[in-house]
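**Student:** I'd like to ask some things about the structure below.
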Amino acid sequence: MTLQAFSLFEPKIPMHITVMKNEVVWALEPKSGGLYLDVTGGAGGHSRALLECNRAARVVTFDRDPDAISKLREELAEFGDRATIVRGAFSDLKDWAKDAGVDSVDGLIGDLGISSIQLDTGDRGLSFKAEGPIDMRMDRSSGETALELIERLNQDELANVIYQLGEERRSRRVARCIKQAAERGELETTLDLRRAVVRAVGPRRVGGIDPATRTFQALRIAVNEELLELETLIEAASELLAEGAPICLISFHSLEDRIVKRAFLRKETWQRLTKKPLVASADEQRENPRSRSAKLRVARRQPREEAE
């Protein structure tokens, strides 16, 4: 069976285009009676693709965003009890499996990116293109907002977050301008935050990324503990996946991809199926520019007797 044998399914939700759906179906190759986890349900694109590919497979779809959960229930309702929707983070996976009496699963997909729906919703505070509160939480019912994080950290601590999680070389200057804006009462919205960053690093250069991109990324990762959650996901997957079962992880920045790459190098646990990450096709990148930074790595769970 080859990757080219599959065709992409049409997305039902025009606001969001699921990334590398074709490749995920190829890698997981859902089988009749199989149980698969989509740990980043989002708009339901990967779950739908798996359920449509094999009408005797089951999918459990997770998301920690309560807004996404509501949409997933609508999106996947037609599949009945073949689709189960669970609200939870990666760190909840093992507890869910224990409570549900699930000993093993036959495959797992994790799309680590932020959905277009979340980015384009101003009151989520995830984007510098729409004005909204400086929130950035995936689950807005709990936890610290990005603004509260900024207020809690001192200038040096904030600079470290921006440098380590955003890989922003001018993090010291950025942190100083953000703190100054907060002290003057000029830090209330995402556009205020972007203005503070632009004061530090200058305006956008032609053809370059927005000057606020790295800072917004850093704050979002910090607020949602995304890297810790990713490490927890990989550990949980190593326990939940049946021997020989595949895991597909799609990352969108180097920090995530580095964690996935390092984890899959553990030969006692994983057999790498992609030594180099797969990227979106040229056609997909033209249709969905956000797919240009996507990197898909696939591995298979090694037999457990070899790990002992």
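The values are calculated or read from the model by the stated rules, or taken from the named source; none is laboratory data. Since this is a predicted model, take the numbers as computed values, not measurements. Using ideal geometry, Cβ is built from the backbone for each residue, glycine included, and neighbour counts are taken over all protein chains shown.
**Student:** Pairs needed: first member in segment 257-275, surrounded by 15 or more Cβ atoms within 10 Å (Cβ to Cβ); second member anywhere, at pLDDT 95 or above and among the hydroxyl-bearing types (Ser, Thr, Tyr); C-beta distance under 6 Å; at least 6 residues apart or different chains.
**Tutor:** Pairs that qualify, where the first residue is surrounded by 15 or more Cβ atoms within 10 Å (Cβ to Cβ) and the partner is at pLDDT 95 or above and among the hydroxyl-bearing types (Ser, Thr, Tyr), are 257/251; 260/251; 269/238.
**Student:** Further question: Inside segment 233-308, counting only helices (runs of 4 or more DSSP H) that do not spill past its ends, which hold 3 or more residues that are closer than 30 Å to residue 164 by Cα, modelled with pLDDT of 95 or more and not β-branched (Val, Ile, Thr)? Working first, answer last.
**Tutor:** Numbers: elements: 254-264, 282-287, 304-307.
By residue number, 254-264.
**Student:** Here's another thing I want to ask about it. Could you tell me how many of the residues in segment 184-205 are in a loop (DSSP other than H, G, I, E, B) and either small (Gly, Ala, Ser) or farther than 23 Å from residue 254 by Cα (or both)? Even if it seems obvious, please write down each step before you answer.
**Tutor:** Keep residues of segment 184-205 that are in a loop (DSSP other than H, G, I, E, B), which gives 184-188, 202-205.
So of that shortlist, the ones also either small (Gly, Ala, Ser) or farther than 23 Å from residue 254 by Cα (or both) come out as 184-188, 202-203.
Qualifying residue count, segment 184-205: 7.
Okay, residues lined up against (1) touching a Cys at 6+ places or on another chain (Cβ under 8 Å); (2) of a type in the set (Gly, Ala, Ser):
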residue: 171; (1), (2): no, yes
residue: 197; (1), (2): yes, no
residue: 218; (1), (2): no, yes
residue: 235; (1), (2): no, no
residue: 254; (1), (2): no, yes
residue: 265; (1), (2): no, no
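**Student:** Name the helices (runs of 4 or more DSSP H) wholly inside segment 144-183 in which the number of residues that are under 23 Å from the mean Cα position of the chain (by Cα) and modelled with pLDDT of 95 or more is 2 or more.
**Tutor:** Per the criteria, 146-152, 155-166.
**Student:** Moving to a separate point now. Tell me, please, whether a residue that is surrounded by fewer than 20 Cβ atoms within 10 Å (Cβ to Cβ), at pLDDT below 95, assigned by TED's automatic domain parsing to the domain that holds residue 286 and not basic (Lys, Arg) can be found in segment 57-67.
**Tutor:** Scanning segment 57-67 turns up at least one residue that is surrounded by fewer than 20 Cβ atoms within 10 Å (Cβ to Cβ), at pLDDT below 95, assigned by TED's automatic domain parsing to the domain that holds residue 286 and not basic (Lys, Arg).
**Student:** Out of the residues in segment 78-108 that are charged (D, E, K, R) and over 25 Å from residue 226 (Cα atoms), state the one that is surrounded by the most Cβ atoms within 10 Å (Cβ to Cβ).
**Tutor:** Filtering segment 78-108 down to residues charged (D, E, K, R) leaves 78, 81-82, 87, 92, 94-95, 98-99, 103, 106.
Next, from what is left, pick out any that are over 25 Å from residue 226 (Cα atoms): 78, 81-82, 103.
Numbers: 78: 10, 81: 6, 82: 17, 103: 10.
Here the residue is 82.
**Student:** Might you check whether a residue that is of a type in the set (A, V, I, L, M), assigned to a helix (DSSP H, G or I) and in the same structural domain as residue 247 (by TED's automatic domain parsing) occurs anywhere in segment 95-116?
**Tutor:** Our first condition is that a residue be of a type in the set (A, V, I, L, M); within segment 95-116, this holds for 97, 100, 102, 105, 108-109, 112, 114.
So of that shortlist, the ones also assigned to a helix (DSSP H, G or I) come out as 97, 100.
Narrowing the set further to residues that are in the same structural domain as residue 247 (by TED's automatic domain parsing) leaves 97, 100.
For segment 95-116, residues of a type in the set (A, V, I, L, M), assigned to a helix (DSSP H, G or I) and in the same structural domain as residue 247 (by TED's automatic domain parsing): present.
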